[in-house]
Amino acid sequence: MNDAIKKIGIIGAMLALGLFGTSNSSALGQAASQNAAEVENLKVNAEIRGEKAGFVIAGDFKPRKPEEKKEKLIFSVRTENTITHRRGQTEQNISGTVKILQGETLELRFAVQGKGSLVSAKSEQAIEWGLRNDKSGQRFFVLWFDPEKPAKGVVKFTAHFRNTHAQTKAALGAVSLSPQGEAVLNAGHITVTTSAGYDLAITKANGVTRVAKGLDQSPSKLPGPYSFQFSGATPEVAFTAIESDPDANRIFFDEFDLKGRLADGVAVFTLNGMVEVRHARGGKLPVVFGGAALVSIPATKDYKVGFSGETYTLEFAKGGTYPVALEFHARILEKDGWNNIDFGVVPAALRPVKLSGWPSEISFDAQSASKQVIKDGVYDLFLTPRDRLSVRWKETKPVVIPKLFYSAEAAVNIAVGAGLARQINHFDYRVMQGRMSTLELDLIGEGEVVSVNGRNILNWSVKKQEDGRRLVVKLNSQQTANYNLVVHSQTPLGAFPVRFHPLRIAPVNPVRYGGHLRLVNNGAVQLEPMSVNGLSQLSANRFPAASSIAVLPNNPKLKPLVYRYSGGDYELEVLADNILPELTVSQLLVYALGFNEITLDAEVDLTIRDAPLREFTISIPDGYTVAQLSAAALADYFLGPAENGKRPLRLVFSQPLEGRHLIQLRLEQNQAVEGDEWSIPRLDYERVKSVRGFVGVSASPGLRLIPAAVKDVNEIAVVFFPKKIEGLHAAYRIKETGWEASLDVERMELALHVDALHLYSIGQGIVYGSSVLNYLIGGKPVSELKVLVPADYDKTSVEFVGRDVRNWKLDEAEDDAATQSYTVYFQSTVFGDYTLLATFERQFNPEGETLAFNGVRPVDVQSEAGYSILIGKERFEISQPETEGDLIALETSEIPEEYRLLFDAPILEAYQYSGGDFTLNKTLKPLNRQASLEQVADRAEFMTRVSNDGQVVTEAEYFLKNRGYAHLEVTLESGIELWETKVDDKRVIPITQVASESEGERETILVPLPRGQNLNAPIKVSLKFSPKPSNDDDVRVTLPKVDSPLLLSNWNVKSDPEYRLEYVAGNVEPNGVRPDLSGFALLKQGDMRLAFAGLAAFVGGLLVRCGTRTGRHRWDWQNMLGQLIGWPLMLGSLILLGFVAAYAAGQSLHVEPGLAFTSSVLEAKKELSITVSNLEATAALYSVTIFFPAVFGIGIWVYRFQSDDDVVRRGGLLVGWLFIAWTTLLVPN
């Protein structure tokens, strides 16, 4: 099984490879390189032998096309177009030169722009030329070259175009050749010339530039030529050539006289006149042409007679005036019984013709001429200036009018509607013999003709006859073939039911007459034939189609009757009656009972069958008004007078209704339910077959309905009522039309519960209060609510806000009452949850006063609970409130979250109460207030530069916030000179108060500040000042005093290059104190390596000294122990000291040349002052006083050598080393 699976896999792989190869045969050769050839007809043969598989791929390699190796064709074109205008035609000779810059081609194509016929073309390199037209009609001039020798290098060609036009005027355009392809240049030259006697004008010159006239042209003989050159764009040149003198080359024939005579069947004509030749070289004039021949040639030397085709011409050798007299015969042709003469004669301004010899009994017709005048058998007429003479005649014969015979076929359509029967009679006449110019038709029965339609009707009228009426239709032309006539008529009908005879319209005296009649109802009308004579009933679809009678729609309510009749003496009596609609009603009635009104919402589903309905009447209960009414196609409605407790409501529709339609009706009665029992009023409908539906009754809160007596209705659960109605108390399903139902009405007692929030916002001398009263109204709705407001509240500030609040009124109260009663009125009754907001305010003594925080209290409620919260940003002295009733003090966290969202001010006190009777009095005494600063400096920047000669310059920038001050007061020490003052980077002139320097007083400067700026926007004040230079090494720098507090100041003190500053004294410390790198600092930092090294050296030296003192032997144990321990300790101390030295060497000290100071808060009229030393950068960082201990230690050593005291000698050595070590530790790294 595994072998089988393996074979299947191999076969599948080979098939996939084969499919891939066959579908991508052209792609196999493209993967290697771009020069690989394509493979066609690729085949794959596969074979399996055991577990081995093999396949063979065969195909044809397709060589690359030679065109793929060609270079891209790039060329330039230059053309020369010479346009020569002559009389009657214009020649355009175009010579072109094509320079092929790259590549080669087998054809060159040029788009031909402009009109003109290509006459010839020539090119030595091309083997063929021609014109092509594409689908859009564009012409292309094409040159083909030999495939063996494609075009390259320079190709020259010529093309000759010709335009034919009128001799006197020509309007032409230049022909241009636009190269197709990669042409890098298309340039050329256009020259336009004309022959003598013509005026040349250029009407268009687009894409060209005019150039000057050549030197070899002579403007005295020929009209001046126009020369243009173009480059790149397609040139557009148009011109007109008009004869300077149009009459200079013409020949005129005057005194035209042509006479003709008919004798023995030969028409002989004589032409006399004068010929005026204006051209000096003479010319040719055609005199007779077409259908005539000269009898003889005149013997004269003035002219010669020429003949070409059918035209005789007179040839004049020179100009002048010559008489002409010619005699010729006209050819007579017979056609359709008429004899015709038709020939042309020389044009002239006036050409009178006289014809004689034609008998008077003939019918004469001279075309292209004026109306002839016959006098004594001679016809006088005038030919138009250029038309031919065309005459025809024949013998007249008496006209015989045959008798008229015709047949008629009719199609009659009768549509019977309410009060009117409309009729269409379509007649098809067929004339068998004679001519028909008048149509007569008898009108039998009642009815009137409305209109008559047909071809070539002149007029029509109805005439009374002895035995009836007749319709006479006159035509404006006689009819000899078929003719159609359509007669529209109508017959008024009385009230239905009614019997009537349709109007019969029958042609008078036809050979044969018959037709079809269709009787159809229009609307809800029932038709019944009562008497039928001479009619045969057919199927409704056998009625013939007529263009004037519309095809009946596919409507089952149309019931046509079709009859066939032969002859017009048939009889038909029809009974017409109304079809009454069948009406059924499915209604949904919803009654809503309120304390002051009753509403009825009715949805009436009306179903109309059998016939359309135009009006519908609903009987509504008396005392109800129509508040809303909507229905399909409702035009209007009318409410009739009351009768038996009902009022008819008549609905009028704009169009007849059929099918199902919804009528929505809302009735209202502004009267409360009287008594404890209420009968449900019913809606009645006229001409309704059945009434079904549901009745639902809802009541306002406070009313309870209990079902009582019912008739022809079934009580159902309110949940099964078809429509979801809020507060539904009773529901019924209607069984019969005359249903009845009544309900018992119970009125509930009022119950009020209030959850209140009294919020007081306390300000400076005023309290803003708001009381949110959340009512739960039960039992019955209310239209007003009463509340009590403390009497000490401002009456004008009391306002009430809530849903449907109409207004409120202050009730009358006693003079000394603690509260005042207000009544709030609503636009409609409210029930359930209701929120009323009362706002008020009260002023109090800002110095302190005891206030009552009792809020607005509801009246006549069953329960009341809530919160009283005092908030405000003002601060008051803490005092215990005076409380009565059930009040509980609350923490801030105990206040409900929904109330915390109503304010953001701090909470002063909060209380919760239950029960309506409580008192909350609290004394409000504000804390002492401090005046706020009117001017303060947010920050200041100081920059001081100290030169090497003791000169000091300071730049100060203050960022002030000012409120109402006009100046900034700055006080300078005596001896300080103010150099510059700026406010917001603008120079200002300060006011300086100079004091006597001898008295040591300071200078006061008032810097003016801008007005009207934003109080929160800082004002930048810049000062630049300098004290008198000092020659001392220590320099004292003092900043000015300002009359405003300074919150933050940054002071930078810089020196000259190669100098540094050392802080000496001042009331502010510098930033970044220089670190101490002495030995004591290392010991203080906790580095004990130096202490260990000194201790080891001291112990080691002490042991060596003890081991080698006097009395010790070299190898005794004390000597050996002292040296073996002492010397390693001393060596170790040296190594440890080396590590300490290496560490100290790495602790470099970078000395800043300047100083920086920062002061956080500086009171007004306080100054900053420092004293610094101006030293060179290479000066030592320590004083020589640090070497005093070493000098003292050396002095002890000197005294030791001079003393004989053994204690001094021994102790002096140790004390000297101690002072030297002290100096060593004092020296910094």
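The values are calculated or read from the model by the stated rules, or taken from the named source; none is laboratory data. Note that the structure is a prediction, hence the values are computed from the model and not measured. With ideal geometry, Cβ positions are generated from the backbone for all residues, glycine too; neighbour counts draw on all protein chains shown.
Where residues in the range 958-983 are small (Gly, Ala, Ser) and more than 10 Å from LEU1009 (Cα to Cα), which of them is surrounded by the most Cβ atoms within 10 Å (Cβ to Cβ)? Step through it out loud before you land on a result.
We begin by selecting, within the range 958-983, every residue small (Gly, Ala, Ser); these are 964, 966, 974-975.
Retained after the next criterion (residues that are more than 10 Å from LEU1009 (Cα to Cα)): 974-975.
Numbers: SER974: 16, GLY975: 12.
That would be SER974.
Checking ALA166 against (1) surrounded by 14 or more Cβ atoms within 10 Å (Cβ to Cβ); (2) farther than 11 Å from SER123 by Cβ; (3) not β-branched (Val, Ile, Thr), only one condition comes out false. Which one?
For ALA166, the failing item is (1).
Could you please find all residues in the range 401-456 being within 60 Å of the chain's Cα centre (by Cα) and over 21 Å from GLU573 (Cβ atoms)?
Correct list: HIS426, VAL450, SER451, VAL452, ASN453, GLY454, ARG455, ASN456.
Select from the range 909-935 the residues that are modelled with pLDDT of 90 or more and within 57 Å of the chain's Cα centre (by Cα) and list them in ascending order.
Residue satisfying the conditions is ALA910 alone.
Residue by residue, here is whether (1) crowded, with 18+ Cβ neighbours inside 10 Å; (2) assigned by TED's automatic domain parsing to the domain that holds GLU448; (3) more than 17 Å from GLU409 (Cα to Cα) holds:
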site: PRO492; (1), (2), (3): no, yes, yes
site: PRO497; (1), (2), (3): no, yes, yes
site: ARG512; (1), (2), (3): no, yes, no
site: GLY515; (1), (2), (3): yes, yes, no
site: ASN521; (1), (2), (3): yes, yes, yes
site: ALA524; (1), (2), (3): yes, yes, yes
site: ASN541; (1), (2), (3): no, yes, yes
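Read through the list (1) within 30 Å of GLN89 (Cβ to Cβ); (2) touching a residue at least 60 places away in the same chain (Cβ under 8 Å), then give the number of the only condition that GLY137 fails.
Of (1) within 30 Å of GLN89 (Cβ to Cβ); (2) touching a residue at least 60 places away in the same chain (Cβ under 8 Å), only one is false for GLY137: (2).
Hey, can you tell me all the residues within the range 834-861 that are among the polar types (S, T, N, Q), modelled with pLDDT under 90 and farther than 11 Å from LEU788 by Cβ? Steps first, please.
So the first thing to find is which residues in the range 834-861 are among the polar types (S, T, N, Q), and the list is 835, 839, 843, 845, 850, 854.
Restricting the remaining residues to those that are modelled with pLDDT under 90 gives 843, 845, 850, 854.
Hits for the range 834-861 are GLN843, ASN845, THR850.
Checking GLY855 against (1) at positive phi; (2) in a strand (DSSP E or B): exactly one of these is not met. Which one?
(2)
If you check every pair at least six apart or on different chains, which have Cβ atoms under 9 Å apart with a residue in the range 275-295 that is without any contact (Cβ under 8 Å) to a residue 12 or more places away in the chain and in the same structural domain as GLU255 (by TED's automatic domain parsing) first and a residue that is in a loop (DSSP other than H, G, I, E, B) and among the aromatic types (Phe, Trp, Tyr) second?
none
For the list (1) in a loop (DSSP other than H, G, I, E, B); (2) closer than 20 Å to ILE777 by Cα, I need the number of the one condition that SER828 fails.
Of everything listed in (1) in a loop (DSSP other than H, G, I, E, B); (2) closer than 20 Å to ILE777 by Cα, SER828 misses just condition (1).
Being of a type in the set (A, V, I, L, M, F, W, C), modelled with pLDDT under 90 and part of a strand (DSSP E or B) is the requirement here; does LEU285 meet it? Spell out how you get there, then give the answer.
Details: of a type in the set (A, V, I, L, M, F, W, C): yes; modelled with pLDDT under 90: yes; part of a strand (DSSP E or B): yes.
Here the answer is yes, as LEU285 does meet what is asked.
LEU606 passes all but one of (1) touching a His at 6+ places or on another chain (Cβ under 9 Å); (2) modelled with pLDDT under 90; which number fails?
Only one criterion is unmet by LEU606, namely (2).
So which residues in the range 254-269 are of a type in the set (Val, Ile, Thr) and either in contact with a Gly (Cβ under 8 Å, 6 or more places away or on another chain) or surrounded by 15 or more Cβ atoms within 10 Å (Cβ to Cβ) (or both), if there are any at all? Steps first, please.
Quick first cut of the range 254-269, residues of a type in the set (Val, Ile, Thr) only: 266, 268.
VAL268 - this is the single residue of the range 254-269 that is of a type in the set (Val, Ile, Thr) and either in contact with a Gly (Cβ under 8 Å, 6 or more places away or on another chain) or surrounded by 15 or more Cβ atoms within 10 Å (Cβ to Cβ) (or both).
Can you name every one of the strands (runs of 3 or more DSSP E) wholly within the range 572-691 that holds 3 or more residues which are crowded, with 16+ Cβ neighbours inside 10 Å and touching a residue at least 40 places away in the same chain (Cβ under 8 Å)? First the steps, then the outcome.
On the way: elements: 582-593, 598-621, 625-630, 634-639, 646-669, 677-679.
Strands (runs of 3 or more DSSP E) meeting the threshold: 582-593, 598-621, 646-669.
From THR992, THR981, which residue is under 26 Å from ARG1036 (Cα atoms), free of Cβ contacts under 8 Å to residues at least 24 places away in the same chain and part of a strand (DSSP E or B)? If you could, list the steps in order and put the result at the bottom.
Details: THR981 fails: free of Cβ contacts under 8 Å to residues at least 24 places away in the same chain.
Unique residue meeting the criteria: THR992.
(1) assigned to a loop (DSSP other than H, G, I, E, B); (2) surrounded by fewer than 19 Cβ atoms within 10 Å (Cβ to Cβ): which one isn't true of ILE706, the others all being true?
Answer for ILE706: the failing condition is (1).
Can you confirm whether ALA813 is among the small types (Gly, Ala, Ser) and modelled with pLDDT of 90 or more? Quick ask: steps written out before the conclusion?
On the way: among the small types (Gly, Ala, Ser): yes; modelled with pLDDT of 90 or more: no.
So ALA813 does not fit the description; no.
The rows are residues; the columns are (1) surrounded by fewer than 13 Cβ atoms within 10 Å (Cβ to Cβ); (2) at pLDDT 80 or above.
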{"residue": "ALA1156", "(1), (2)": "no, yes"}
{"residue": "VAL1161", "(1), (2)": "yes, yes"}
{"residue": "ALA1164", "(1), (2)": "no, yes"}
{"residue": "GLU1167", "(1), (2)": "no, yes"}
{"residue": "ILE1170", "(1), (2)": "no, yes"}
{"residue": "ASN1174", "(1), (2)": "no, yes"}
{"residue": "TYR1182", "(1), (2)": "yes, no"}
{"residue": "THR1185", "(1), (2)": "yes, no"}
{"residue": "ALA1190", "(1), (2)": "no, no"}
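Go through the range 104-121 and report how many residues are under 9 Å from HIS160 (Cβ atoms) and exposed (fewer than 13 other Cβ atoms within 10 Å of the Cβ). Full working, then the answer.
Here is the first cut: in the range 104-121, the residues under 9 Å from HIS160 (Cβ atoms) are 118-121.
Add one more test, that the residue is exposed (fewer than 13 other Cβ atoms within 10 Å of the Cβ), and what stays is 119-120.
The number of residues fulfilling the criteria is 2.
Looking at the range 871-886, is at least one residue assigned to a strand (DSSP E or B), surrounded by fewer than 16 Cβ atoms within 10 Å (Cβ to Cβ) and not small (Gly, Ala, Ser)? Talk me through it step by step, then tell me what you get.
If we filter the range 871-886 for residues that are assigned to a strand (DSSP E or B), which is where we start, we get 871, 876, 882-884.
Subset that is surrounded by fewer than 16 Cβ atoms within 10 Å (Cβ to Cβ): 882, 884.
From what is left, the residues that are not small (Gly, Ala, Ser) are 882, 884.
Taking every residue of the range 871-886 in turn, at least one turns out to be assigned to a strand (DSSP E or B), surrounded by fewer than 16 Cβ atoms within 10 Å (Cβ to Cβ) and not small (Gly, Ala, Ser).
Looking only at residues in the range 853-866 that are surrounded by fewer than 16 Cβ atoms within 10 Å (Cβ to Cβ) and either among the small types (Gly, Ala, Ser) or within 58 Å of the chain's Cα centre (by Cα) (or both), which one is farthest from TYR768 (Cα to Cα)?
By that ranking, first place goes to SER863.
Output the qualifying pairs, or none if there are none: Cβ atoms under 7 angstrom, residues six or more apart or on different chains, first residue in the range 1160-1177 and closer than 15 Å to VAL1064 by Cα, second residue of a type in the set (Asp, Glu) and not in a strand (DSSP E or B).
So the pair list comes out as SER1173/ASP1033; ASN1174/ASP1033.
Within the range 842-851, can one find any residue that is part of a strand (DSSP E or B) and surrounded by fewer than 11 Cβ atoms within 10 Å (Cβ to Cβ)? Can you show your working first?
Within the range 842-851, the first condition is being part of a strand (DSSP E or B), and the residues that meet it are 842-843, 849-851.
Those left that are additionally surrounded by fewer than 11 Cβ atoms within 10 Å (Cβ to Cβ): none.
No, the range 842-851 contains no residue that is part of a strand (DSSP E or B) and surrounded by fewer than 11 Cβ atoms within 10 Å (Cβ to Cβ).
Tally time: how many residues in the range 437-450 are surrounded by fewer than 16 Cβ atoms within 10 Å (Cβ to Cβ) and in a strand (DSSP E or B)?
5
Being closer than 22 Å to VAL486 by Cβ, surrounded by 19 or more Cβ atoms within 10 Å (Cβ to Cβ) and in contact (Cβ under 8 Å) with a residue 12 or more places away in the chain: is that true of LEU552 here? Reasoning before the result, please.
Working: closer than 22 Å to VAL486 by Cβ: yes; surrounded by 19 or more Cβ atoms within 10 Å (Cβ to Cβ): no; in contact (Cβ under 8 Å) with a residue 12 or more places away in the chain: yes.
Considered against the rule, which asks whether it is closer than 22 Å to VAL486 by Cβ, surrounded by 19 or more Cβ atoms within 10 Å (Cβ to Cβ) and in contact (Cβ under 8 Å) with a residue 12 or more places away in the chain, LEU552 comes out as no.
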